[in-house]
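The values are calculated or read from the model by the stated rules, or taken from the named source; none is laboratory data. Just so you know, these numbers come straight off a predicted model, no measurement behind them. No Cβ is skipped: glycine too gets one built from the backbone with ideal geometry, and neighbour counts run over all protein chains shown. The area values use the complete protein model at the heavy-atom level, side chains included, leaving out ligands, DNA and RNA. Shrake-Rupley method; radii C 1.70, N 1.55, O 1.52, S 1.80 Å.
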Amino acid sequence: EATFKAWRNTELDSYLIDITTDILGYKDEDGNRLVDKILDKSQQKGTGKWTNEQAIDLGIDVSVITAALNGRYMSNLKEERIRAEKEFARKPYAIVEDKEHLKEIVRDALFISKIVSYAQGFKLLQAAEKEYNWTFDYSQIAKIFRGGCIIQAKILQNIIEAYQNNPELANLIFDPFFKNVIETRQDNLREVAALAITNRLPLSAMTSAISYLDIYTTAESGANLIQAQRDYFGAHTFERTDKEGNYHYDWVGNNEK
């Protein structure tokens with residue numbers, strides 16, 4: 001509770017940090033935290049589902065949002081999770097001695113993950129704008145979010161300024177402010193993700209965030225092999241790096257390797 005309360009005075013300040021601080025402070029009649037007595041089965045009203053459906057239709061990666069939604073789906077498998085924990089051996093959690101360092105890297109990991117989540121959301125809006133011939137003022141959208149929404153947060157002011165400075169910004173991570181945060185603090189996100197994976201702690205939203213950054217900042221991907229496979233089994237053709245046009249290769253007929 002004290003950590004979240006302190007985060008209220010940092011760049012993490014947001015509606016969700018505020019209510020989380022309050023929730024962690026509530027005690028039940030016996031003096032224990034009420035949150036620890038709430039069954040860990042989470043519901044959803046459809047906004048996450050609709051966002052993912054639109055992202056699939058428009059071909060946009062919203063993996064951080066998807067991870068959060070999948071976390072809710074998985075939470076409802078309570079009985080199966082109880083059984084699985086009993087059947088699959090778990091090593092004791094590694095103890096982090098430096099608690100202040102842990103709080104610092106978790107704070108940075110959360111902040112960068114939030115940046116990526118917003119970046120993915122605005123990429124989705126850009127794709128929708130193009131697909132449906134809409135016209136968006138992204139700085140104004142960020143102002144609306146900050147004005148009254150559960151995702152209202154201090155970071156939205158930085159987003160407002162980013163789109164005011166460059167309305168044609170291809171991705172929020174190219175904005176100088178966000179670029180600097182990612183470049184100087186991403187190792188902390190990686191450290192948190194590694195701790196979680198080593199200790200078998202589900203941290204899918206944060207690990208999705210770092211994966212998104214890694215693929216987005218990698219010029220050469222493995223998609224060339226995917227295109228070769230698609231052409232092999234379905235004659236879907238491929239483009240080449242050395243000349244223009246679409247090509248199909250006779251993978252079966254030409255056995256020379």
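Quick notes on this structure:
- Selected residue (only one of Asn199, Asn180, Asn246 is under 28 Å from Thr20 (Cα atoms) and at pLDDT 95 or above): Asn180
- Lys86 under 28 Å from Asn171 (Cα atoms) and at pLDDT below 95: no
- Every test in (1) farther than 28 Å from Arg72 by Cα; (2) surrounded by 11 or more Cβ atoms within 10 Å (Cβ to Cβ) is passed by Ala194 save one, and that test is (1).
- Counting only helices (runs of 4 or more DSSP H) that sit completely within segment 138-257, those holding 3 or more residues that are under 23 Å from Phe122 (Cα atoms) and without any contact (Cβ under 8 Å) to a residue 12 or more places away in the chain correspond to 138-147, 176-198.
- Restricting attention to segment 42-75, the residues that are surrounded by 11 or more Cβ atoms within 10 Å (Cβ to Cβ), outside any helix (DSSP H, G or I) and at pLDDT below 95 total 2.
- On inspection, Tyr118 passes the criterion of being part of a helix (DSSP H, G or I), open to solvent by less than 70 Å² (accessible area, probe 1.4 Å) and among the hydroxyl-bearing types (Ser, Thr, Tyr).
- Only one entry in Asn165, Asn158, Asn171, Asn188 is out of contact with any helix residue (DSSP H, G or I) (no Cβ under 8 Å at 6 or more places or on another chain) and modelled with pLDDT of 95 or more, namely Asn165.
- Members of segment 205-220 found to be open to solvent by 60 Å² or more (accessible area, probe 1.4 Å) and either farther than 26 Å from Tyr118 by Cα or not aromatic (Phe, Trp, Tyr) (or both), listed by number: Ser211, Ile215, Thr217, Thr218, Ala219, Glu220
- Total residues in segment 205-247, condition under 31 Å from the mean Cα position of the chain (by Cα) and among the charged types (D, E, K, R): 4
- Within segment 87-103, the residues that satisfy the criterion of being exposed (fewer than 10 other Cβ atoms within 10 Å of the Cβ) and in a loop (DSSP other than H, G, I, E, B) are Phe88, Ala89, Arg90, Lys91, Pro92, Ala94, Ile95, Glu97, Asp98.
- Restricting segment 3-33 to residues that are among the hydrophobic types (A, V, I, L, M, F, W, C) and out of contact with any helix residue (DSSP H, G or I) (no Cβ under 8 Å at 6 or more places or on another chain), the residue that is most open to solvent (accessible area, probe 1.4 Å) is Leu16.
- Evaluated against (1) open to solvent by 70 Å² or more (accessible area, probe 1.4 Å); (2) touching a Lys or Arg at 6+ places or on another chain (Cβ under 8 Å), Ile155 falls short on exactly one condition, (1).
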